[in-house]
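Step one of this worksheet: look at the structure below.
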Amino acid sequence: MTDIAIGIIGGSGLYQMDDLENRQEHQLDTPFGPPSDVLVSGTLQGVPVVFLARHGRHHHLLPSELPFRANIHAFKQLGVQYLISASAVGSLTEAIKPLDMVVPDQFIDRTQHRIASFFGEGIVAHIGFADPVCPQLAALIADSASHLSFEGVDVHHGGTYICMEGPAFSTRAESHLYRSWGASVIGMTNLTEAKLAREAEIAYATLALVTDYDCWHPDHDSVTVEMVVNNLHLNAHNAQQVIRETVRRLHNAPFVSEAHSALKFAVLTPWNTVSQKTKDTLELLLRPYLSPDS
Ligand SMILES: CSC[C@H]1O[C@H](OP(=O)(O)O)[C@H](O)[C@@H]1O
Ligand SMILES: Nc1ncnc2[nH]cnc12
């Protein structure tokens, strides 16, 4: 099949794109095992896209169980160059209220049990990650959300997303600690995904949908799954509109992101010292940098 440049990864509450036409399911395998679910390609207002439900369509995978590498590899196999993530988050600040939308520009890593690199097994690479999301894609998402102007919903362009391990939500002491760090929102998935997308040279940015005030707010109940789900049902529809508008704009004006050449100077290990097994595993990622006889 021909390459699909735009990928969408939906988190809690976003298990499919309602208006996706010409749907086709792709059961893919990767050197890192199978992805969370089938990838579903189709067209959104005539634009080819491919969608994956991050936790599976029936939400059967914990954040710590997500096959992050397989998911990103599967998008890469289909030719994805831009990946739009939609995610549920808790707010860590008064200025960001439930149902608001946030497009983070920074992450803080509080994960503990995840493999967050494609490299190792005899090949070393260090990607730049100072700016962990693609600024152009983030701006497109934020501008699309602002343009659609949903009643009672503020759009926050920029902010720091704390990525915790989960699955339990934070303790109150942790929540206050993250606030003291100046963080804006908290979730359990996006940092790992952003790192792997960068290693795969895919431009990545997130539309974060606020569902709760975590557990720091004196005037609001501490976060529960019921609270998250109720608010997700309210804003999943808005989120799909933002994604559609972002896809439309991106298709009309694609751009070159720094992410698209992230590996250019990142690999330290001479290719001729790498085992054939590791070469085979990483061939898709390293293809642009390999000479025909390496
Ligand atoms: C259902 S609340 C916690 C759960 O929701 C978020 O998932 P996602 O980022 O995939 O939308 C959060 O990260 C947790 O995994
Ligand atoms: N408060 C919270 N903490 C972590 N992940 C979340 N996802 C939605 N709300 C969350």
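The values are calculated or read from the model by the stated rules, or taken from the named source; none is laboratory data. What you are looking at is a predicted structure, and each value in this text was computed from that prediction instead of being measured. Note that each Cβ is placed from the backbone with ideal geometry, even for glycine, and that neighbours are counted across all protein chains shown. Just the protein is used for accessible areas: all its heavy atoms, side chains included, with ligands, DNA and RNA removed. Shrake-Rupley method; radii C 1.70, N 1.55, O 1.52, S 1.80 Å.
Provide Rg over Rh for the range 1-159; use the alpha carbon set for both Rg and the Kirkwood Rh (inverse mean inverse pair distance). Walk me through the numbers on the way to the answer.
Numbers: Rg = 16.5 Å, Rh = 17.2 Å.
Looking at the range 1-159, the ratio lands at 0.96.
Tell me, what is a quarter of the convex hull surface for the C-alpha atoms of the range 90-131, in nm² with one decimal? Could you put the intermediate results ahead of the total?
Values: hull surface 18.8 nm².
Averaged projected area of the range 90-131's Cα convex hull equals 4.7 nm².
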Using θ = phi - 60° and Karplus 6.51 cos²θ - 1.76 cosθ + 1.60, couplings along the range 103-112 (whole Hz; Gly, Pro as x): 10, x, 10, 9, 9, 10, 8, 10, 7, 10
Cα-only Debye scattering, the range 62-152: base-10 log of I(q)/I(0) at q = 0.23 Å⁻¹: -1.54
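Could you tell me what % of all Cα pairs in the range 159-240 have separations over 14 Å? Mind dumping the intermediate values first?
Numbers: 2270 of 3321 pairs.
Here the long-distance tail beyond 14 Å is 68 percent of all Cα pairs in the range 159-240.
Taking all protein chains in place and a 1.4 Å probe, what share, in percent, of the accessible surface of the chain do carbon and sulfur account for? Could the numbers behind the result be given before it?
Details: 6580 of 13040 Å².
C and S fraction of accessible area: 50 percent.
So with the 1.4 Å probe, I'd like the accessible area per residue for the range 6-289, rounded to whole Å². Intermediate results must be reported in sequence, preceding the final value.
Numbers: 12190 Å² over 284 residues.
With the other protein chains kept in place, the range 6-289 gives 43 Å² per residue.
Please give the direction-averaged projected area of the C-alpha convex hull for the range 208-262, in square nanometres with one decimal. Kindly include the intermediate steps, with their values, before the conclusion.
Values: hull surface 24.2 nm².
The number I arrive at for the range 208-262 is 6.1 nm².
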Zero-based 10 Å bins, Cα pair distances in the range 6-289, whole percents: 7, 30, 37, 20, 6, 1, 0
Two-decimal ratio, the range 134-199, of alpha-carbon radius of gyration to 2.2 N^0.38 Å: 1.32
Sequence ranges 78-90, 94-106, 55-67, ranked by mean other-Cβ count within 10 angstrom, highest first: 78-90, 94-106, 55-67
Against the rule of thumb 2.2 N^0.38 Å, how large the Cα Rg of the range 198-294 comes out: 1.71
